[in-house]
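Engineer: What follows is a structure written as structure tokens; I'll ask about it next.
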Amino acid sequence: MRRLRATEALRSLVRETRLAPSQFILPLFVCPGEGVRRAISSMPGNFQLSTDELVRECEQVARLGIGGVILFGIPASKDEMASGAYDENGITQLAVRAVKQSVPKLLVMTDVCNCEYTSHGHCGFVVGNDVHNDATLEWLAKTAVSHARAGADIIAPSDMMDGRVAAIRKGLDENGLSETAILSYAVKYASAFYGPFREAAESAPKEGDRRGYQMDPANVREARREALLDFQEGADMLMVKPALPYLDVIAEVRRVSDLPLAAYNVSGEYAMLKAAAQNGWIDERRALLEVLTGIKRAGADLILTYSAVDAARSLSDLA
């Protein structure tokens, strides 16, 4: 067995899983203002960006050959109705237009959820102590339509409301936006690994948690059902989130579906790697490429990762 491991040329020749920058999607956080590049303390190397700074970041993404970006909006104000999410001139809508004007060929995805826009931090319309599923669908469809009108190539709903893919597909089609694709966060767990993201997106719930609508980390058969339901409702692509604690789930969704499959290498996974590297405990570049290779090997076709720029540069150095 060692004969084909003897040199880098031999190892490369028989390598089964390959990474390329075009397989990565970089999450970016856009905020109001101008010239804003506000560091996110729990995610070293990531920032809240005003639209002008976001455009500069997207220009770099395009130069590196990274597959695209996914945008998360941080509004100037929030309310109980998440009105900033579906405002035609909301923070995400303005950002999409700016990116598409400056880097028209760059693939732009938008996260469609309400937690960044609600004053209570939950992902939908709250009735009593619960998020009302069907009332929230109207918000999601309106938000998706407004993002697509602004120029988003792909809509990515992350709220985990039942039936939201069908509602969004119907909304897009009825508004002449049938070419806009949907990447569904089909399998999204109620994970402890989202902590740094909630600082970045300013989206932590004021009370309670999201375990009533996000998935129980113990379940995989449920993941199959979620993925197949979203396929039936019209999703063009599926996602598993988080990635590293759920490699078995990625493999299982890959087994039951032929749709393109994404995995989200989430903020907590990113922060762990960065912290270990900053303490000198691991070789960051080797560990990063090993992590991304593992996610790809499990069955993901594309990877949403805060390390997209670092990984693209590392792959370029190795070429």
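Engineer: For the stretch 169-256, what is the accessible area per residue in Å², given a 1.4 Å probe and the full set of protein chains? Write out the running numbers ahead of the final one.
Structural biologist: Working: 4190 Å² over 88 residues.
I get 48 Å² per residue for this part.
Engineer: If you don't mind, there's one more thing I want to ask. Ordering Leu228, Leu273, Leu318 from largest to smallest accessible area (1.4 angstrom probe), what's the sequence?
Structural biologist: Working: Leu228 65, Leu273 30, Leu318 105 Å².
Sorted descending by solvent-accessible area, the residues read Leu318, Leu228, Leu273.
Engineer: Give the carbon-plus-sulfur fraction of the accessible surface of the chain in %, rounded to a whole number; probe 1.4 Å, heavy atoms of protein chains only.
Structural biologist: Carbon and sulfur together cover 50 percent of it.
Engineer: Output the antiparallel fraction of DSSP beta bridges having both residues in the stretch 63-165, as a percent to the nearest 5.
Structural biologist: If I count the DSSP bridges inside the stretch 63-165, around 25 percent turn out antiparallel.
Engineer: For the stretch 98-235, compute the orientation-averaged projected area of the C-alpha convex hull (one quarter of its surface), in nm².
Structural biologist: For the stretch 98-235, averaging the hull's shadow over all directions gives 8.9 nm².
Engineer: Tell me what the chain gives for mean residue ellipticity at 222 nm when only DSSP H runs of n ≥ 4 count, each as -39,500 (n - 2.57), the sum divided by the residue total, rounded to 500 deg cm²/dmol.
Structural biologist: It lands at -12500 deg cm²/dmol.
Engineer: Additional query: Pull up all non-local amide H partners of Val112: gap of 5 or more, or a different chain, and H-to-H distance under 5 Å with H placed in the peptide plane.
Structural biologist: Those qualifying (amide H under 5 Å, at least 5 residues apart or on another chain) are Ala156, Ser158.
Engineer: May I pose another question? Any idea what Rg and Dmax come out to for the chain if you just take the C-alpha atoms, in Å?
Structural biologist: Rg, Dmax (Cα atoms, Å): 19.1, 66.
Engineer: Given charges of +1 on the Cβ of Lys and Arg and -1 on the Cβ of Asp and Glu, with all other atoms neutral, how large is the dipole of the chain about its Cα centre, in debye to the nearest 20?
Structural biologist: Dipole size: approximately 1360 debye.
Engineer: Per residue, how many Å² of accessible area does the stretch 1-125 show with a 1.4 Å probe?
Structural biologist: Value for the stretch 1-125: 47 Å² per residue.
Engineer: Please compute the Kirkwood hydrodynamic radius over the stretch 171-313, one decimal place, Å, based on all pairs of different Cα atoms.
Structural biologist: Value: 16.3 Å, from the Cα pair sum.
The values are calculated or read from the model by the stated rules, or taken from the named source; none is laboratory data. Everything quoted here is computed from the prediction, not taken from an experiment. When we count neighbours, we look across all protein chains shown, and the Cβ atoms used for this are built from the backbone with ideal geometry, even at glycine. Ligands, DNA and RNA are excluded from the accessible area calculation, which covers all protein heavy atoms including side chains. Shrake-Rupley method; radii C 1.70, N 1.55, O 1.52, S 1.80 Å.
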